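The values are calculated or read from the model by the stated rules, or taken from the named source; none is laboratory data. Everything numeric here is computed off the predicted structure, so don't read it as measured data. Positions of Cβ are backbone-derived with ideal geometry, glycine not excepted, and every protein chain shown enters the neighbour counts. Calculation scope for accessible area: heavy atoms of the full protein, side chains included, ligands and nucleic acids excluded. Shrake-Rupley method; radii C 1.70, N 1.55, O 1.52, S 1.80 Å.
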Amino acid sequence: MHSNITTQAVSATVGLVCLVAAGLIWTVGNRHTPRLVVALVITGMTGLASTAFGNWARQVIAWLNDTTDRLTGRLTGVVVVGLVAAIALYVLIVHVRRNSVDNKTLVSAAIVPLAVSSIPGPIGAAAATAISALAGTVAWSITSAFGWH
């Protein structure tokens, strides 16, 4: 139990550090290194996803999925919720690749860590693995810098 609380605290701390750093670079830093800002937002949201906030957000996504299922049918509901995640992931990839990062890109970066879990099948698994790898690398760098290992 103590280990889980400690892990959540470190994840939340790293997440908040990443989001604050991204916010400062984006506003005070005059949008310097926009791709780094995207990586920090993804890492920050991934860190927060392992906390009670992430649990709440996953419950909201599950509720939306269930509501969509009831309205449109099981397969269509998964497709609709997965489509939102796929669109956010697409916007993120295209904008980062073109280095045309803007506020839409940052919103997509904030949505993607939680949304990719709603993409069914191997595509969803691949997207979740890629997001986790990116977030893990950035989080490792930050925790190492602060001596949290």
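Being surrounded by fewer than 21 Cβ atoms within 10 Å (Cβ to Cβ) and part of a helix (DSSP H, G or I) narrows it down to one residue among Ala139, Ala125; which is it?
The unique qualifying residue is Ala125.
Conditions (1) under 12 Å from Ile42 (Cα atoms); (2) at pLDDT below 90, marked per residue:
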| position | (1), (2) |
| --- | --- |
| Val79 | no, yes |
| Ser100 | no, no |
| Asn103 | no, no |
| Ala109 | yes, no |
| Pro122 | no, yes |
| Ala125 | no, yes |
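What number goes with the only condition from (1) open to solvent by less than 80 Å² (accessible area, probe 1.4 Å); (2) within 26 Å of Ala52 (Cβ to Cβ); (3) of a type in the set (Val, Ile, Thr) that Val107 does not pass?
With respect to (1) open to solvent by less than 80 Å² (accessible area, probe 1.4 Å); (2) within 26 Å of Ala52 (Cβ to Cβ); (3) of a type in the set (Val, Ile, Thr), Val107 is out only on (1).
For region 83-104: of the residues being touching a residue at least 24 places away in the same chain (Cβ under 8 Å) and β-branched (Val, Ile, Thr), which is least open to solvent (accessible area, probe 1.4 Å)?
Val101
Report yes if Leu114 is part of a helix (DSSP H, G or I), closer than 20 Å to Leu64 by Cα and of a type outside the set (S, T, N, Q), otherwise no.
Answer is yes for this residue.
Would you mention how many residues in region 111-122 are of a type in the set (A, V, I, L, M, F, W, C) and open to solvent by 30 Å² or more (accessible area, probe 1.4 Å)?
So the answer is 1.
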